[in-house]
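Encoded as structure tokens, the structure appears first; notes follow it.
The values are calculated or read from the model by the stated rules, or taken from the named source; none is laboratory data. Just so we're clear, the structure is a prediction, and the values are computed from it rather than from any experiment. Note that we place each Cβ from the backbone using ideal geometry, even for glycine, and neighbour counts take in every protein chain shown.
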Amino acid sequence: MVLDPQGNEMHFTYASPGTAEYYRKTGKCADGVVLVKEMCFTDDVQLTTGEAHWSSRLKQCFTMIKDDKNRFPNNPLWVDGLRWAPFTADAPTSRCRLIAK
């Protein structure tokens, strides 16, 4: 989890099992790895112990698949070997199917 510098979003990243270990050893993501990134709006309050932030609602998600073998050559959502598809909380299935073409 990462709080953005302005303090109004939190970013959570989820990965396939073994992803972090492989990345630490090689410095890159393995082919076929699946990453999901959630971006959430935050609420905050000043407490006597300091400022507290927590995620309050989903803003947007990204699903990414590492594709070194170019399995989906006609997919326009491709950057540096990553196939990705964004989707928002109000339309969670509207773009997810693009990644599976």
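Listing for the model above:
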item: Failed item in (1) loosely packed, with under 12 Cβ neighbours inside 10 Å; (2) at pLDDT 85 or above; (3) closer than 28 Å to Ile65 by Cβ, with Met1 passing the rest; result: (2)
item: Residues located in the range 16-60, provided they are of a type in the set (A, V, I, L, M, F, W, C) and closer than 18 Å to Phe87 by Cβ; result: Val34, Leu35, Val36, Met39, Cys40, Phe41, Leu58
item: Those residues of the range 27-72 which are part of a loop (DSSP other than H, G, I, E, B) and of a type in the set (Asp, Glu), in sequence order; result: Asp31, Asp67, Asp68
item: Residue check for Gly7: of a type in the set (Gly, Ala, Ser), at pLDDT below 85 and assigned to a loop (DSSP other than H, G, I, E, B); result: yes
item: Yes/no for Ala20 being outside any loop (DSSP other than H, G, I, E, B), modelled with pLDDT under 85 and small (Gly, Ala, Ser); result: no
item: Within the range 33-81, tally of residues that are under 15 Å from Tyr14 (Cβ atoms) and hydroxyl-bearing (Ser, Thr, Tyr); result: 2
